[in-house]
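**Student:** My structure is below; once you've seen it, I'll send some questions.
No lab work stands behind these numbers, since they all come straight from the coordinates. If you're wondering where the values come from, they're calculated on a predicted model, not measured in any experiment. Cβ coordinates were reconstructed from backbone atoms using ideal geometry, including for glycine residues, and neighbour counts include every protein chain displayed.
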Amino acid sequence: MSWADVSRMTDRFRFRGFTISKWRGVKPLVSLHRNLRAGLRHNRQASSDISRLAQMRVLAESQNAVPFVLPILIVAYCSSLLPVIEWPRLVAWGTLMIGLHLYSGYNARKFLQQTGENIDVNFWAQRFEGVSLAFSLTLSSVLFLFWLPDSILYQNYIISTIAISLAPMTLVTICYVPVLYRTLLPLIGGLALRFLTSGDPGHIVVALVLVVFGFMLRSLALSVHGTMARSINLQSDKNALIEQLFRAKRESDAARARAEEANRAKSHFLANMSHELRTPLNAIIGFSEVMATEIFGGHAKPVYKEYSNDINRSGQHLLGLINDILDLSRIEAGRFDIVEEEVEITALAEEARHLLNIRAEAQGVEVVTDFAPDLPLLYADARAMRQIWINLLTNAIKFSPRGTTVTLLAKLDSNGDLRFGVHDQGTGISESEIGRVTEAFTQGAAGIAQPGKGSGLGLSIVKGLLQLHCGSFEIHSQLGKGTQAEAVFPEQRLLPAHPEPALALNL
């Protein structure tokens, strides 16, 4: 479909009585098409120039590889013809050949010194092609300048020289097809013309065979050149990918440095704020407790005692929140120091139960235990394990309705891992929220519906502490059926329980 067809179609297109104008409908499309086509041409040209530069660089390196071998061969070749060819002709021809060879090496070195992105590709291509053509024409001229009609020996010698030179010149120029053509065509054409002008039918057949050989050589050269071009393109792509990786690494290092600086600033801020907040909070908690207990005498109005209790509870809550934030920041920064020792996990569970028993009674929740017998010891930080029990039990009591039961569980899995945690009969967590409740400052729908129930840090601290011990945290829950929050430690962290003293004496 032509643009004229598109124009006629848009002229006839009507939508609810509105006619799309030819110039308003087609002209922007034509402009967009031209811009896209120009952009594609520019990209293709840039890619082609990069490929040509890479091929010319390989050509220049090949030409620059043997700077002194060819002049020696030229001098030796001219010396071998001195008995039959006048020396002025030999000197002139040899000087021209050596001069072209030296200029070719100079041109190759100048090209290899080019750096940057503003290299004139066409200029250097013309120089390479011109020098190669002049060198090849000069070399093939020996078929006519030094031809001896009466000497079969020297005729064969000259023909063999040109035929032998085809191989190395093909190897040197095969990486860049335009130079390859300008190198081989004069040599093969000179040989074919030399055979054709002899008038001998056998020589004519040889000339035809030589032409066929030239086409075969061209096909092989193109095949090899295609492989080299693909290799160059792959190398270019690899270099571009490496550059992108280095750029991404630099950006990543810079981002990491900024993140580390921000983390240091956060740690410094939290350290300062913890000191600045804890000092007045401890004073508020202490004085409010004195006022609530009426140590220095009763209040004139009973409501002041209630206010003092409220102040004390709020201060305790705020102090606990600050401690949780500090613990979480130390865990995230990898600065939470753990002191590993042999820990009896059930004893820590009983401590947490005793500590939170008053809160459970006030909430109307019964706390029971379900510990498997003969549990092994756990090699871990006792303070961290105690905090895990307290956080899990606090969370369970907090969201359990009155009259329900919270169970402290500890057992060994069939694979030998230690599993302990808390099961409650509370409101539960929806499946979509299970993955989010372990994130800092994140609560489920039940927590959001009951403001003042917590800050959303308890489970994230539990998860962080378990990760420090190479453990894992699992939550299984259904809405209206309760939640099972369990910590799992691998068998490598378990130690056999110590025998009872009496049993040890019997042994």
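**Student:** Per 0.36 nm of contour for each residue apart, how much would the distance between Glu294 and Ser252 grow if the chain were fully extended, relative to their Cα-Cα spacing?
**Tutor:** Fully extending the segment from Glu294 to Ser252 adds 9.1 nm.
**Student:** Can you tell me the FRET efficiency between Asp413 and Gln478 if r is taken as the Cβ-Cβ distance and R0 is 30 Å, rounded to the nearest 0.05?
**Tutor:** Calculated value: 0.90.
**Student:** What is the fewest-to-most order of Asp49, Asp327, Asp370 by other Cβ atoms lying within 10 Å of their Cβ?
**Tutor:** With the sparsest Cβ surroundings first, the list reads Asp370, Asp49, Asp327.
**Student:** Based on the Cβ-Cβ distance from Val224 to Glu86, what FRET efficiency comes out when R0 is 41 Å, to the nearest 0.05?
**Tutor:** With a Förster radius of 41 Å, E is 0.50.
**Student:** Which of the residue pairs Lys266/Lys398; Lys266/Lys305; Lys398/Lys481; Lys249/Lys463; Lys411/Lys463 have a Cα-Cα distance greater than 27 Å in the structure shown?
**Tutor:** Where the Cα-Cα span goes over 27 Å, the pairs concerned are Lys266/Lys398; Lys266/Lys305; Lys249/Lys463.
**Student:** How far is the Cα center of the stretch 249-313 from the Cα center of the stretch 348-419, in Å?
**Tutor:** 28 Å
**Student:** Could I ask something else about it? Could you work out how far apart the two model spin labels at Val303 and Val368 are, taking each label as a point 7 Å from the Cα in the direction of the beta carbon, and quote it in nm?
**Tutor:** My value for the distance between the label points is 4.5 nm.
**Student:** At most 14 other Cβ atoms within 10 Å and a DSSP loop assignment: could you name the trypsin sites (Lys or Arg not before Pro) in the stretch 349-405 that fit?
**Tutor:** Here the sparse-neighbourhood loop sites are Arg402.
**Student:** What's the extension gain from Phe287 to Val121 if we count 0.36 nm per residue and subtract their Cα-Cα distance?
**Tutor:** Stretched fully, the Phe287-Val121 segment lengthens by 51.2 nm.
**Student:** I've got another one for you. For Trp87, Trp147, Trp389, which order do you get if you count the other beta carbons within 10 Å of each Cβ and list the fewest first?
**Tutor:** Numbers: Trp87 12, Trp147 15, Trp389 26.
Arranged by neighbour count, lowest to highest, Trp87, Trp147, Trp389 become Trp87, Trp147, Trp389.
**Student:** Percent relative contact order of the stretch 340-495, based on C-alpha pairs within less than 8 angstrom and at least six residues apart?
**Tutor:** Values: 310 pairs, mean separation 38.3, N = 156.
RCO, the stretch 340-495: 25 percent.
**Student:** Continuing with this model, one more query. Using 0.36 nm per residue of separation minus the Cα-Cα distance, give me the extension gain between Ala167 and Ala265 in nm, one decimal.
**Tutor:** Result: 28.3 nm gained on full extension.
**Student:** If you wrap a convex hull around the alpha carbons of the stretch 202-332, what volume per residue comes out, as a whole number of Å³? Walk me through the intermediate numbers first.
**Tutor:** Working: hull volume 15.3 nm³, N = 131.
Taking only Cα atoms, the stretch 202-332 has a hull volume of 116 Å³ per residue.
**Student:** Taking a ≥ b ≥ c as the square roots of the Cα gyration tensor eigenvalues, with a/c under 1.5 meaning rounded and otherwise prolate when a/b beats b/c, else oblate, which class fits the stretch 140-192? Numbers along the way, then the final one.
**Tutor:** Values: a/c = 3.96, a/b = 2.35, b/c = 1.69.
Prolate shape, in that a/c is at least 1.5 and a/b is the bigger ratio.
**Student:** Over the Cα atoms of the stretch 340-495, Rg to Rh with Kirkwood Rh, two decimal places? Display every interim value, and only then the final one.
**Tutor:** Numbers: Rg = 14.8 Å, Rh = 15.6 Å.
Reported Rg/Rh (Cα atoms, Kirkwood Rh): 0.95.
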